[in-house]
Amino acid sequence: MKFIDDFKKFIFKGNVVDMAVGVVIGASFGSIVTGLVNYIINPFVGLFVKHGSLDSLKTVIHPAVAAVVDEAGNEVTPAAAEVAILWGTWLQTIIDFLITALCIFIVLRVITAARNKLEAKKLAEEQRLAAEAEAKAKAEKDAADAAAAAAAEKQALLEASIVKQTELLSEIKTILSKQN
């Protein structure tokens, strides 16, 4: 049961949809790059290749042999397909790969730069909030210290007043005791 629940979470989380969209776009992009190489780059390179196109570059190992047929229409020698190393097709595949890799690199670089910029903004905001909280805490501490100092000063004045009153009472007692 846990497997099914995990699978549901995976599907409905969006990862599968994102991945499917990426695969479809990637396949379409691959077709675009292949078209670019086949229909634009290949003919351009063909201007510099004596055979007319990059696709025609090959090393024939065993040439094709046509079937030999006698007068009766019987095949005397069977046909054999050409065996060749297709250098041009291989070069086209490499060019496809390099263009695709370059495009993916550029897209990832842009995405990474955007992500880093967002993270930098987020970090700056967090630092600003931390600085504000620190300033608020310092202001509250300063206010508490000022209140404590005022209370201590008030307490000192009160104690001085009590001492003064005690002295006055003592003097009054002394005066009253002399009059009696």
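Quick note: the coordinates plus some simple rules give every number you see, no bench work behind them. Predicted model only: the values in this text are computed from it and were never measured. Cβ placement follows ideal geometry from the backbone for every residue including glycine, while neighbour counts extend to all protein chains displayed.
Below are the figures for this structure:
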| item | result |
| --- | --- |
| Chymotrypsin sites (Phe, Trp or Tyr not before Pro) within the range 1-110: DSSP coil, no more than 15 neighbouring Cβ in 10 Å | 48 |
| Interatomic Cα distance distribution for the chain, bins of 5 angstrom, percent | 1, 6, 5, 6, 6, 6, 6, 6, 6, 5, 5, 4, 4, 3, 3, 3, 3, 3, 3, 3, 2, 2, 2, 2, 1, 1, 1, 1, 1, 0, 0, 0, 0, 0, 0 |
| Most fluctuating residue given options 56, 31, 161, as computed from a GNM of the chain linking Cα atoms under 10 Å | 161 |
| Alpha carbon centroid spacing (whole Å) that separates the range 48-99 from the range 113-131 | 60 Å |
| Candidates 116, 74, 42, ranked by Gaussian network fluctuation over the chain, Cα under 10 Å, top entry | 74 |
| Relative contact order, percent, the chain [alpha-carbon distance under 8 Å, six or more residues apart] | 13 percent |
| DSSP loop GluC sites (Glu not before Pro) with at most 14 other Cβ within 10 Å: longest gap in the chain | 83-180 |
| Residue 67 versus residue 125: modelled label distance in nm, points set 7 Å from Cα along the beta carbon direction | 7.5 nm |
| Charged-residue dipole, Cβ positions (Lys, Arg, Asp, Glu), the range 1-55 about Cα centre, Debye nearest 20 | 120 debye |
| DSSP H segments from the chain that extend 27 Å or more along their own axis, Cα-based, with Kyte-Doolittle mean of 1.0 or above | 15-36 |
